[in-house]
Amino acid sequence: MSERGIDITREFAKPWTDEIVRAADVVVSMGCGDACPVFPGKRYLG
């Protein structure tokens, strides 16, 4: 992210909620597997 000028040093992993996934255009996961909510029509990368 720093290559794009975005500082994420204060950020931390947060659990997904249905509301967050519904609002997202693209969902990027880092291995949460079946624990992550899946909504039809969303683009998932992981």
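The values are calculated or read from the model by the stated rules, or taken from the named source; none is laboratory data. Just so you know, these numbers come straight off a predicted model, no measurement behind them. Note: ideal-geometry Cβ built from the backbone for every residue, glycine included; neighbour counts use all protein chains shown.
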(message) Criterion first (modelled with pLDDT of 85 or more and part of a helix (DSSP H, G or I)) does GLU19 satisfy it?
(response) yes
(request) Any chance you could count how many residues in region 1-37 are surrounded by fewer than 10 Cβ atoms within 10 Å (Cβ to Cβ) and of a type in the set (A, V, I, L, M)? (result) 9
